[in-house]
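Participant: Mind having a look at this structure? Questions to follow.
The values are calculated or read from the model by the stated rules, or taken from the named source; none is laboratory data. Note that the structure is predicted; figures quoted are calculated from it, not measured. Because the Cβ atoms are built from the backbone with ideal geometry, glycine has one as well, and the counts that use them run over all protein chains shown. Side chains included, ligands, DNA and RNA excluded: accessible areas come from the protein's heavy atoms. Shrake-Rupley method; radii C 1.70, N 1.55, O 1.52, S 1.80 Å.
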Amino acid sequence: MEPEKERTGRTPKKGRKRRRLPNKLVGASEVMRDRWDLEERQQPEAKKACLSTILLSDTREITHGQLCELLKYAVLGKSSVPKPSWCQLFHQNHLNNVVVVILQGMSQLHFYRFYLEFGLLRKAFRHKFCLPPPSSDFLADIIGLQKKQIIGDLPKGMEGSLPSSSSEVSINLQNDPIVKKYGSKKVSLTRCLLTKEEMKTYHFPLQGFPDCENFVPIKCCGSITNNSPLFGLDCEMCLTSKGRELTRISLVAEGGCCVMDELVKPDNKIVDYLTSFSGITKKILNPVTTKLKDVQRQLKALLPPNAVLVGHSLDLDLRALKMIHPYVIDTSLLYVREQGRRFKLKFLAKVILGKDIQCPDRFGHDATEDARTALELAQYFLKYGPKKIAELNLEALASHQELEAAGLEPRNTAEVVQQLNTSVLECLDSVGQKLLFLTREADATEISSSKNCQTIKCLSNKEVLEQARVEVPLFTFSIVQFSLEPFPPNLSEEMSKRMKIKWMEMSTVYAGPFSKNCNLRALNRLFESFGPVLSVTLTLESHQPHLCIQYEVLEGAQLAIESLDGSLVEGTCIKVQRPVTELTLDCDILVNELEQDSENRGTIYLSGVSETFKEHLLQQSSLFLGLEALILPKDLKNGKQKNYCFLRFKTFGSAHRALGILTGKNWKLKGRHALTPRHLHSWLRGLPPESRPPGLRVIPPPSEQEAVQMLNLDHPKIAAWRWGRKIGKLYHSLCSGTLCLILLPGTER
């Protein structure tokens, strides 16, 4: 990594002492920045704060609360508040300042529509995320000035360290995700079952899906009622040459009686017994003769036609069994958590049931114990209802455990809740610091009246920028707010449509000419080898046939152009190019800039990966130093893994070396450096669909006068360019070790 450039900040004014923060944050929003690992150089011993967002979901979405958690963590550090659950922060003690810049009236649509104009944002800011729609008081949300949460009754088995039900604090139940989904009244058994749509979403095996062709359906001819029998199920797996395979199955009936507990010999060679999780060793499995088909047969015989299977992350168990069952309760989804996260079975067992499972002194997990625990959790939910669960405040208790894991001992859950509800202003006050708030006088909010906030009201955005360059280096935490005139709704809608069309056209290639007797099936296979294809159309408008291929990802189209343009295919020299429209005239420049995007540096795209690619990669991980993440996209309809993936490495050099290996003769994959940031994938899915086919369009040129009017200072393109330069000036005035976040709240998202 390149050693961080030292900048000499302005000398603090008398009486203002700059404090070195104990922790580092690179936060989440539309565009973020860390000022550290931009290029691969040898890093000297000096450490720098950095962020890993590998744990973040593919939707690249975070809540205002999660953003607030990170901001508080940056101010106080792990000694006072829990670590963020969705990211990892390293060397937090090297953080000096936090600066939040808000561009009111600007959204992610403006960033991607005028991507080339935002040079600094795309090159220096490595992390990009989505935020929910802004509330009436956006600033209050992100710094935690919301109503305080409170807690009530406690789970059995945790009374020693947590307050009793007579505690003065209680919970706002309406905001609990369990109450939001199920309501506050008790629910029936059928209400707890996963719907078919939910099973699709969470990749449960379903009949008729391509990846479940050889799965065995459990005969279910009975109707489900509130009296249908529940069975707890848990499986243990090992890693074989073909992927994960079953090594143990446990089935527990109501009342806790174990009705099936079998060891299973996998069909393929075992490469890792995963003993620390499964408890299975080579010695245990050697004498076993039971096979997968045997336990499938036993399970079908044991289960009645109206049986309901209960488990924790049950989709994995059913896939290991290669069986399909339509009636399931998954306790990892029953006990709903925010942002799609899930509570661990061990945690729920402790706080709900008051019992310890999966203890570290035991040899692996006990499948029977886990199956019985999942069953008891489902029974508890049915007996006491969502309101009782919500009153436990599971999120606060999870944070309590995080603090204990970090070697800290909060006195009680009320203390944990108080920590969770502490605002950024209160965090700053606890360390003797103030928040600097710079804004236009007309845009001042209730934050500016807070006693721990030093507000500087300016007459214009220009004055805000000038004051920020002087004052921001003197404060530990600063918020700089600019206000832009929002674009008319019709203009924003038109920009969205054009953005969707532009991306579709850039992901489309025309190839040819081909002979009239060309082998279309072979040509389809050839173009599909570069990436997932949405459509292939034979074009007969030209003298000789051409193909129009629309790819799902930009990398597939670019790889096809780079690999086939000017090459011989079926004895003919073909040309592979994008359609020429007013939206693709600058695509070569745009592709080059996308490859240089800080979020893409160190990321490679691969096509032709199989379902066992992950296991093969892990087996030869020593060849791929610096590998941070393997991103395997799945089909949203059937849950099947797609034939392409992204690998993210710590440095560009590591990524480049891995690309050479993976596209060599031993792996036989096709790939290149990535072009599309993960955030862009999720954002494009949210745009309105556009059915216009790609191709040449001739638009009458505007008159000279109209062209001049389009390029006046109010034009969105010019505005984007000007604001990109202003942010650059503020960026370069910041001191070394500063975390900077740029928020583009927009009007809807």
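Participant: Starting from residues that are in a loop (DSSP other than H, G, I, E, B) and among the small types (G, A, S), keep the ones in segment 218-245 and report whichever is modelled with the highest pLDDT.
Facilitator: Of the residues in segment 218-245, the ones in a loop (DSSP other than H, G, I, E, B) are 218-229, 241-242.
Filter once more, keeping what is among the small types (G, A, S): 222-223, 228, 241.
Values: G222: 69, S223: 82, S228: 92, S241: 84.
Filtering first and then ranking leaves S228.
Participant: What number of residues within segment 594-611 are within 22 Å of the chain's Cα centre (by Cα), surrounded by fewer than 21 Cβ atoms within 10 Å (Cβ to Cβ) and more than 15 Å from R126 (Cβ to Cβ)?
Facilitator: So the count comes out to 1.
Participant: Looking only at segment 475-484, decide whether some residue is small (G, A, S), open to solvent by less than 60 Å² (accessible area, probe 1.4 Å) and at pLDDT 90 or above.
Facilitator: The initial filter retains those residues of segment 475-484 that are small (G, A, S), namely 478, 483.
Retained after the next criterion (residues that are open to solvent by less than 60 Å² (accessible area, probe 1.4 Å)): 478, 483.
With the extra rule that they be at pLDDT 90 or above, the set shrinks to 478.
Yes, segment 475-484 contains a residue that is small (G, A, S), open to solvent by less than 60 Å² (accessible area, probe 1.4 Å) and at pLDDT 90 or above.
Matching residues to (1) open to solvent by 40 Å² or more (accessible area, probe 1.4 Å); (2) at pLDDT 85 or above; (3) under 26 Å from N175 (Cβ atoms):
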position	(1), (2), (3)
A367	no, yes, no
R372	yes, yes, no
E409	yes, no, no
T413	no, no, yes
V416	no, no, yes
E426	yes, no, yes
L438	no, yes, no
A444	no, no, no
I447	no, no, yes
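Participant: Test C192 against the stated conditions and say whether it is modelled with pLDDT under 90 and hydrophobic (A, V, I, L, M, F, W, C). Spell out the reasoning first.
Facilitator: On the way: modelled with pLDDT under 90: no; hydrophobic (A, V, I, L, M, F, W, C): yes.
For C192, the condition - modelled with pLDDT under 90 and hydrophobic (A, V, I, L, M, F, W, C) - is not met.
Participant: Based on this model, can you work out whether I549 counts as surrounded by 19 or more Cβ atoms within 10 Å (Cβ to Cβ) and farther than 30 Å from K123 by Cα? Outline the logic, then answer.
Facilitator: Values: surrounded by 19 or more Cβ atoms within 10 Å (Cβ to Cβ): yes; farther than 30 Å from K123 by Cα: yes.
So I549 passes the test.
Participant: Picking from V569, V591, which residue would you name as being closer than 19 Å to L523 by Cα, modelled with pLDDT of 85 or more, aliphatic (A, V, I, L, M) and buried (at least 16 other Cβ atoms within 10 Å of the Cβ)?
Facilitator: Working: V591 fails: closer than 19 Å to L523 by Cα.
On inspection, the qualifying residue turns out to be V569.
Participant: Of everything in segment 175-200 that's in a helix (DSSP H, G or I) and without any contact (Cβ under 8 Å) to a residue 40 or more places away in the chain, which residue is most open to solvent (accessible area, probe 1.4 Å)? Before the answer, list the steps.
Facilitator: Narrowing segment 175-200 to residues in a helix (DSSP H, G or I): 175, 177-182, 189-192, 196-200.
So of that shortlist, the ones also without any contact (Cβ under 8 Å) to a residue 40 or more places away in the chain come out as 175, 190-191, 197.
Details: N175: 81, T190: 63, R191: 99, E197: 116 Å².
Checked segment 175-200; the qualifying residue most open to solvent (accessible area, probe 1.4 Å) is E197.
Participant: Which is part of a loop (DSSP other than H, G, I, E, B) and closer than 30 Å to S610 by Cα, of G255, G208? Talk me through it step by step, then tell me what you get.
Facilitator: Numbers: G255 fails: closer than 30 Å to S610 by Cα.
Exactly one of G255, G208 is part of a loop (DSSP other than H, G, I, E, B) and closer than 30 Å to S610 by Cα, namely G208.
Participant: Right, here's the next one. Within segment 59-74, work out how many residues are modelled with pLDDT under 80 and either crowded, with 24+ Cβ neighbours inside 10 Å or among the charged types (D, E, K, R) (or both).
Facilitator: So the count comes out to 3.
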